[in-house]
Amino acid sequence: MTASLSSVSVVFGREFRAYFATPLAAIFLVVFLALAGAMTFFVSGFFARGSADMAAFFTWMPWLFLVLLPAIGMRLWAEERRSGTIELLMTMPVAPWTIVLGKFLAGWAFTGVALALTTPLWITVNWLGSPDNGVIVAGYLGTFLMAGAFLAIAACISTLTKNQVIAFISAAIVTFILVTAGLELVLGAIRGWAPYWMTEAVAALSVLEHFQRITQGLIEAPTLIFFGSLIVLALMINTFLVDLKKAQ
Amino acid sequence: MTTLVEAHGLKKRFGDMTAVDDVSLSVSRGEVVGFLGPNGAGKSTTMKMITGFLEPDTGTAQIGGHDVWRDPAAAKAKLGYLPEGAPAYGDMPVADFLTFCGKMRGLRKAQLNNRLAEMAERVRLTEVWSRPIEALSKGYRRRVGIAQALIHDPDILVLDEPTDGLDPNQKHEMRNLIREIAPNKSIIVSTHILEEVEAVCSRAVIIASGKVVADATPRDLVGSKDDGRAIQIRIGSPEEASVIEKIKPLADGAELEVMERINGSTRVLLRYNDKPEDTRAIETRLKSADLPVEEVGIYRPRLEDVFRDVTTRIH
């Protein structure tokens, strides 16, 4: 077990540093912060709302993340397959799941860095008024969990191709479906022909539904289980797909 | 002699194509096995199965006594592997990449630093130690690949075309390196450069269309064809076909085979299956028939001839 944990941390270290080996990481962070700022202040009218909370910020997170996390996850496996380094990784004396987990955690930590850089907004809110900081903590927790789920899906999809662009687009499409699943727009389109259980199943997949509840300050078991099981399931499929696809 | 690599009945199909068909191989400590074959013969696929990267359809592979599929961690711990093309993380400096590989292999602190220092010196990487791998020349990149495979001082080394794309000096260096580390290890080297096999390998295994067609020392391989029952002649004429037609009746029932054509002269082999023929008699006969024959002599096969012979016969 200690050997497994240590290989998770070795993979984590390499992958996390790899994000900063190219200017790409800096560009991601700048784009994310600029978009998040623009949406919060200009589109949602952060100041005009006159309310000391971060709802104007969190509302945009699912939509930003469905572009950002496929971009963070796209290289995780596609690049290994393209360059052939997957052959090195898979002939190391470690269990494949430790590599899958190490890579995922590195991407997740990178997302954590991006989120941490938005804390000046939190400070601003506290300076301007007296917000319910518990709700904001819940909001950050929900955002981080959602990021984990999107990233696990993006990593999983990147095992299927050697091309990062294809990995990015496919992951963005899948996360888009997950985000929109609960919208009336989508449900209405299904309800017409699909059986009741199917409509309910699609609605239950809705990331937005769970995300909105947690950003309102409701940290509930179903939400935690929803995001947690999305992550675990995607990582299990990821491990399986790596083994299936590695040699192609 | 301890057997460190034992592969048995390896088979692998990709769709309709059988890439590897019942390949068995065993390698003892101290042996350097040259794995030869035309492109697409199944060399890389076999190596991938031995290293545990690719699961065979049937058959088993053992590394240092551990089954690669039932006990992968123990087997892979004893193995160093240089995949085809020496893949590496291009954005990493040499030192970081080797540190990563060492840590993945369970090396820590002092032990890791010792091994890194040894690799820098032995594989001669000191000059490029802190440069990113993508900025290195092909020769250095290949050396990084070797260092990566040697970092944990494995008993078994599998090298897939370690000299491919290197210049003659680099090839020479790589061969010296392999010879240096050979005595205490089992090494499998794939290549299609035959002089390399004669230079570094104690055994040659030739594979064609997924099957092992020869397995012997390079000397024995050549010796097996060297029975003194064939005569080679060199024709110095561009109209070789008509010359060959004229030689046929004079050759005393030999089977004629064109070996190679270089600079307008053709090497032809007269194969006598049962009786050794008198070279002198043939020469006199051909010369008196006024044919453009330049050279007549007993055929001493080269490894190249053996290679062509065993890899083309089965088609």
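The values are calculated or read from the model by the stated rules, or taken from the named source; none is laboratory data. The model shown is predicted, which means the values in this text are computed figures rather than measured ones. Here the Cβ is made from the backbone with ideal geometry for all residues, glycine too, and neighbour counts use every protein chain on show. The protein model used for the area step is the full one, side chains on, heavy atoms only, and it has no ligands, DNA or RNA in it. Shrake-Rupley method; radii C 1.70, N 1.55, O 1.52, S 1.80 Å.
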About its Cα centre, how strong a charge dipole does chain A have in debye, to the nearest 20, once Lys and Arg get +1 and Asp and Glu get -1 at the Cβ?
-> 580 debye
Can you give the charge dipole size of region A:23-154 about its Cα centre, rounded to the nearest 20 debye, using +1 on the beta carbon of Lys and Arg and -1 on the beta carbon of Asp and Glu?
-> 160 debye
Of B:I282, B:H172, B:A251, which is farthest on the positive side of the dipole of the protein assembly as shown, counting Cα position, with +1 on Lys and Arg Cβ, -1 on Asp and Glu Cβ, and the Cα centre as origin?
-> B:H172
Label-to-label distance, nm, for residues given as B:R280 and B:Q111 (7 Å Cα→Cβ offset) = 7.1 nm
Rg and Dmax [Cα atoms of region B:227-299; Å; Rg one decimal, Dmax integer] | 11.1, 33
Binning at 10 Å from 0, report for region B:1-50 what percent of all alpha-carbon pair distances ends up in each bin.
-> 23, 52, 20, 4
Farthest towards the positive end of the dipole of region B:1-126, among B:L4, B:L107, B:F14 and with Cβ unit charges of +1 on Lys and Arg and -1 on Asp and Glu, lies the Cα of B:L107
Ranking B:G42, B:V293, B:T60 by how far each Cα lies towards the positive end of the charge dipole of chain B (+1 on Lys and Arg Cβ, -1 on Asp and Glu Cβ), the top one is B:T60
For chain B, with a Gaussian network of springs between Cα atoms less than 10 Å apart, report the residue from B:I233, B:I193, B:I207 with the top mean-square fluctuation.
-> B:I233
Mind jotting down the distance between the C-alpha centroids of region A:140-212 and region A:52-73, whole Å?
-> 14 Å
Give the long-range amide H neighbours of B:K185: residues separated by 5 or more places, or on another chain, with amide H under 5 Å away, using H modelled in the peptide plane at 1.01 Å from N.
-> B:G30
For the protein assembly as shown, what is the charge dipole size about the Cα centre, in debye to the nearest 20, if Lys and Arg each add +1 at the Cβ and Asp and Glu each add -1 at the Cβ?
-> 940 debye
Using only C-alpha atoms and all pairs of different ones, pull out the Kirkwood radius for the protein assembly as shown in Å with one decimal.
-> 27.9 Å
Accessible area of the protein assembly as shown belonging to carbon and sulfur atoms, whole % at 1.4 Å probe | 58 percent
For B:E55 and B:E118, what is the calculated FRET efficiency with R₀ set at 60 Å and r taken between the beta-carbons, to the nearest 0.05?
-> 0.95
Please sort by residue number the chymotrypsin sites (Phe, Trp or Tyr not before Pro) in region A:166-201 whose DSSP state is loop and whose Cβ has at most 13 other Cβ atoms within 10 Å.
-> A:W193
Could you pull out every one of the lysines with an alpha carbon less than 23 Å from that of B:K246, ignoring same-chain neighbours closer than 8 positions?
-> B:K275, B:K287
Cross-link pairs A:K103/B:K76; A:K246/B:K138; B:K43/B:K109; B:K48/B:K138; B:K43/B:K248; B:K138/B:K211 - those with Cα-Cα distance over 28 Å = B:K43/B:K109; B:K43/B:K248; B:K138/B:K211
Stokes-Einstein at 4 °C, 1.567 mPa s, Kirkwood radius from Cα pairs: D for chain A in µm² s⁻¹?
-> 68 µm²/s
DSSP-assigned coil residues among chymotrypsin sites (Phe, Trp or Tyr not before Pro) in region A:1-110, each with at most 14 further Cβ atoms within 10 Å = A:F47
Roughly speaking, what % of Cα-Cα pairs in region B:3-222 are separated by over 30 Å, rounded to a whole number?
-> 21 percent
